[in-house]
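A short worksheet on the structure shown next.
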Amino acid sequence: MQIEFRAIVQSEYGAPEKVLRIVERQFKSEELGADDVLVKVSARPVHPGDIQILSALPQGGPGMPIPKGTLRVPGFEGVGTIVGLGTNPEVAKRFSKGQRVAFFPAMGSWAEYVVVRYNSLLPVPDEIPDQVAAQMLINTITASLLIKAGHNSLKAPITLPLFILQNAAASGVGRLLTQVALDRGVHPIRLVRSNQSADRLRSALPGPPVVSTSDSNWKEEVREALGGHKLEVAFDAVGGKAIDDLAELVDDGGTIINFASLESNMGTNIYSLVPNNLALKSVSIMSWFRLTQDDKQQDFELALSLAKNHPELFEVAHEYEFADFQKAIHHASSPGKTGIVLLKSPN
């Protein structure tokens, strides 16, 4: 079997408009490893993290060198249909050709076909549309890691009710973090950057308090929402001065957990942590790869449960045709975006 397909590639890191292009590629069946599955990709998300990595921005972490004469295909997750199976008998026991699957991690989902290890696949039931399945793994895994990190940061004994504070609450991870917290009996207080975002979030996902940091008295609003209860953990996806602001609200000995940096040009004043003896922790999805396979499977099952029971959490900003990937990247990078930008393949 030989398949010809298109892929979005780069031979060097840099600005997307300068380094990315579409090329024609070939795949031969003999290239499929014993534990591998070949997936025809239907849709894949354009995450801000994808853009940070391909651009070699600091927020993307250390990048793997692209060897001279080779091409890198961005993207790590998506949804599609199985078209080829490796020779390992376990692969055929668990999956079949024509089966619809979500996948993470995969090296190069910004292509029309991708090779994925079979233990990185999750069968997708018909009730979950591609628009949800394509984006449900990375963000759910991140939310799960954050909840675990937050629990580990709490001082024993834990007293209820338990409150957390989260900024960027309208983001993909932010919405999932809210729901996972609620499912565990935790009370989240949600921060967004504008009154318009606050209104949209209250309408789309009513429930926990939403506070706009554009209000001059927003910190007082947070204290009122706490109702006299302690705040021991806050989650930050913005970085920079946002961490300084959270530090004014977290109680003595508490923890701020950072997992992203939307602010690219503003540093954090580390001394803002000193008055309340706060700890600053970071959470990266890279830590997920150190978990056991059973723990990883639990996160896959969590993603499936959230997608089935709370599809509203997986908002789509827009779907772009494969050839319009630059428009998709521009949209995914735009301030005020709500929902996940998807890049879809032709039927």
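Within segment 215-241, take every residue that is outside any strand (DSSP E or B) and of a type in the set (Gly, Ala, Ser) and give me the one that is nearest to the chain's Cα centre (by Cα). Top of the filtered list is 237. Scanning segment 72-95 for any residue that is assigned to a strand (DSSP E or B), among the hydrophobic types (A, V, I, L, M, F, W, C) and out of contact with any Lys or Arg (no Cβ under 9 Å at 6 or more places or on another chain) turns up nothing.
Restricting segment 168-217 to residues that are surrounded by fewer than 19 Cβ atoms within 10 Å (Cβ to Cβ) and among the small types (Gly, Ala, Ser) leaves a set whose member that is farthest from residue 313 (Cα to Cα) is 216. Based on what the data block shows, is residue 148 among the charged types (D, E, K, R), open to solvent by 40 Å² or more (accessible area, probe 1.4 Å) and part of a helix (DSSP H, G or I)? Answer is yes for this residue.
Look at segment 239-254: where a residue is modelled with pLDDT of 95 or more and a partner is of a type in the set (A, V, I, L, M) and assigned to a loop (DSSP other than H, G, I, E, B), sitting 6+ places away or on another chain with Cβ atoms under 8 Å, you get 247/278; 250/278; 253/278; 254/278.
Listed here are the residues, each with its yes/no results for (1) modelled with pLDDT under 95; (2) β-branched (Val, Ile, Thr); (3) open to solvent by 40 Å² or more (accessible area, probe 1.4 Å); (4) closer than 15 Å to residue 136 by Cα.
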site: 288; (1), (2), (3), (4): no, no, no, no
site: 302; (1), (2), (3), (4): no, no, no, yes
site: 314; (1), (2), (3), (4): no, no, no, yes
site: 322; (1), (2), (3), (4): no, no, no, no
site: 340; (1), (2), (3), (4): no, yes, no, yes
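Here residue 107 clears all of (1) over 24 Å from residue 316 (Cα atoms); (2) open to solvent by 60 Å² or more (accessible area, probe 1.4 Å); (3) in a loop (DSSP other than H, G, I, E, B) except the condition numbered (1).
Only one entry in 57, 38 is surrounded by fewer than 18 Cβ atoms within 10 Å (Cβ to Cβ) and on the phi < 0 side of the Ramachandran plot, namely 57. Restricting the first member to segment 267-283 and to residues that are closer than 23 Å to residue 151 by Cα, and the second to residues that are aromatic (Phe, Trp, Tyr), the beta-carbon pairs closer than 6 Å and six or more apart or on different chains are 283/259.
The values are calculated or read from the model by the stated rules, or taken from the named source; none is laboratory data. Remember, predicted model here, so these are calculated numbers, not experimental data. Note that each Cβ is placed from the backbone with ideal geometry, even for glycine, and that neighbours are counted across all protein chains shown. With ligands, DNA and RNA removed, areas are computed over all heavy atoms of the protein, side chains included. Shrake-Rupley method; radii C 1.70, N 1.55, O 1.52, S 1.80 Å.
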